[in-house]
Amino acid sequence: MAIFRELLATLKDHHGPNTQFQVIYEVLEMNDFNSLFKRMSGIIPDPPSYLLEMDNVYVLASVTNFYKQCVPSNSMHFMLSMTSVHWLSRTPTTFKDSIYKDAKSSTGETAALNKQAELDWDTFLLKRSRELKRGGLLVVDTCAEFEDRNAGDRYLLESFIGLLTEIWKEYSGTGKITKEEFVNTNLSFCLHNMEQMTRPFDNKTSTVSRSGLTLLSAEAVVNPDVFYNNWREKKEKEGIDDREEFARMYVSAHRNWSNSTFMNGLSASRSLEEKEQIVDGLYDDVKKRISRMNPEIFKDDLKFKYIVVRKE
Ligand SMILES: C[S@@+](CC[C@H](N)C(=O)[O-])C[C@H]1O[C@@H](n2cnc3c(N)ncnc32)[C@H](O)[C@@H]1O
C-alpha cells in the first residue's frame, strides 16, 4: 500500500490529477486474491488502502504464471516484481543430501540448479520485455546470496534452511519419512548471485539485450533480521531473553513459503492428514530447536538484489 500510494502520488503530481492509472496485481491462481480485494476496498482496514483516497486509479488482477506473458504486448509503463523470481518454473534437480544447494551438493546438482535459474531468468525478462512499452521500467528485487568475503558465501535464510534439512534428515534416519521422500523434498528456487542477475545484460548480443532491455542499476541490499532485532530490544530494554518468542515469530513467518515443499516431498500414498501431521511435527521441532539456540548465532539478515531495467 505504502509503495503504491507514494508512486501514484508522484505520478499524479507529474502528469496531473486527471490522468488515469491502471494497477494490475499478478500472482498464481492458488493465492488468496480475496484478501487483496478486501484490503483494496478497506474491509481489511490496515494498512489503509490508497484506492480510498485517490480518484482515477483502477485496480485489476492477473492470474498467470509469470514465466508466461501476463498482459498484452507493449502495454506497460512500469512493472515491479518483489521477492518472487527466485521461484523457478520447475524443480531442476533432486539434492541427495539436502533440500537446497549446500556445501556438500555435487557439481551436477549445482550445475542443474544454475542452468534452470539461467533459463528462467531469461524467460522472465523476455516476457516482460514484450509487455513493456518503449521507455518503460522494470524493477525486480530478488532473494539472493550474500557475496561478502568476510561473511563467506552465505545465502538468505541459510541457518533456517540448514535446520530444516537437518531435522528432515533425522526423520528419514528414524523412519518417520522414507529416504525417497527426503530426496524428493527440494526447494524449487535459486538464490541468485549478482553475476546471475546481470549476465543477460552484460552481453549486448544476448536475446535479452536484443529485445531492447538495458540495465540501469543493480544493487545488493541487506535487510536486518527483524525477529532478531525485536528479541535484542526486549532483552536490552526489559531484561527479558525471550528465545521462545524469537523462535515462534521466526517459524511462523517462514513457514508460509516453505510448508508446501515438505507436503509435496511426501509420498502420494500418504493421506493428507498424515502429511499434515508430519509437517506440523517438523515445524514444532524446528521451533523447539531454535528456542534452544542463541539468536546471536542463529540470526540471518536477509540478502536481496535490486535491479532496474529499461525497455529502449
Ligand atoms: C514472497 S511472495 C512475494 C509477494 C509480493 N510480491 C510481496 O512482495 O509481498 C512470492 C510470491 O511469488 C509468487 N510466485 C511464485 N512463482 C510464481 C510464478 N511462476 N508466477 C507468478 N507468481 C509466482 C508466489 O505465489 C508468492 O505469492
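The values are calculated or read from the model by the stated rules, or taken from the named source; none is laboratory data. As the structure is a prediction and not an experimental result, all values here were calculated from the model. When we count neighbours, we look across all protein chains shown, and the Cβ atoms used for this are built from the backbone with ideal geometry, even at glycine. Just the protein is used for accessible areas: all its heavy atoms, side chains included, with ligands, DNA and RNA removed. Shrake-Rupley method; radii C 1.70, N 1.55, O 1.52, S 1.80 Å.
Here the simple spin-label model places points 7 Å from the Cα toward Cβ, and for residue 83 and residue 119 these points are separated by 2.9 nm. A Stokes-Einstein calculation at 20 °C with viscosity 1.002 mPa s, built on the Kirkwood radius of segment 1-104 over Cα pairs, returns a diffusion coefficient of 129 µm²/s. Expressed as a whole percent, the accessible area of the chain that falls on carbon and sulfur atoms is 51 (1.4 Å probe). Projecting the Cα atoms of 306, 113, 137 onto the charge dipole of segment 64-311, computed from C-beta unit charges around the Cα centre, puts 137 farthest toward the positive end. Could you let me know the centre-to-centre spacing of segment 183-204 and segment 241-306, using Cα atoms, in angstrom? For segment 183-204 versus segment 241-306, the Cα centre distance is 24 Å.
Remark: spin-label model distance residue 232-residue 133 equals 4.5 nm, labels positioned 7 Å along the Cα→Cβ axis. Within the straight-line cut-off of under 18 Å between alpha carbons, the lysines reachable from residue 169 are 96, 101, 104, 179, 275, 287, 288, sequence neighbours fewer than 8 places apart in one chain being disregarded.
On a per residue basis, the convex hull of the C-alpha atoms belonging to segment 171-246 measures out at 182 Å³. For residue 74 and residue 111, the difference between the fully extended length at 0.36 nm per residue and the C-alpha to C-alpha distance is 9.9 nm.
Shown is the FRET efficiency for residue 274 and residue 183, computed with R0 = 22 Å from the Cβ-Cβ distance and rounded to the nearest 0.05: 0.70. The trypsin sites (Lys or Arg not before Pro) found in segment 1-85 that occupy coil by DSSP, while having at most 16 further C-beta atoms within 10 Å, are 68. Straight Cα distances below 16 angstrom link residue 204 to the lysines 311, with same-chain residues fewer than 8 positions distant left out. Gyration tensor analysis over the Cα atoms of the chain returns equivalent ellipsoid semi-axes of 35, 26, 21 Å (largest first, whole Å). Accessible surface for the chain, divided over its residues, is 54 Å² per residue with a 1.4 Å probe. For segment 47-96, the Kirkwood hydrodynamic radius from C-alpha pairs, put into Stokes-Einstein at 20 °C and a viscosity of 1.002 mPa s, yields a diffusion coefficient of 145 µm² per second. Taking 12 Å as the straight-line reach from the Cα of residue 234, the aspartates and glutamates in range (excluding those fewer than 8 positions away in the same chain) are 242, 245. Normalising the Debye intensity of segment 210-312 to I(0), with uniform scatterers on Cα atoms only, and taking log10 at q = 0.10 Å⁻¹ returns -0.48. For segment 86-146, applying the loop criterion from DSSP together with a ceiling of 12 other beta carbons within 10 Å to the chymotrypsin sites (Phe, Trp or Tyr not before Pro) yields no site. Here is how the number arises for the chain: DSSP H runs of 4 or more residues each give -39500 (n - 2.57), the sum is divided by the residue count, and the result at 222 nm is -14500 deg cm²/dmol. Annotation: peptides 17-25, 184-192, ranked by per-residue average of other Cβ atoms within 10 Å with the highest first, follow the order 184-192, 17-25.
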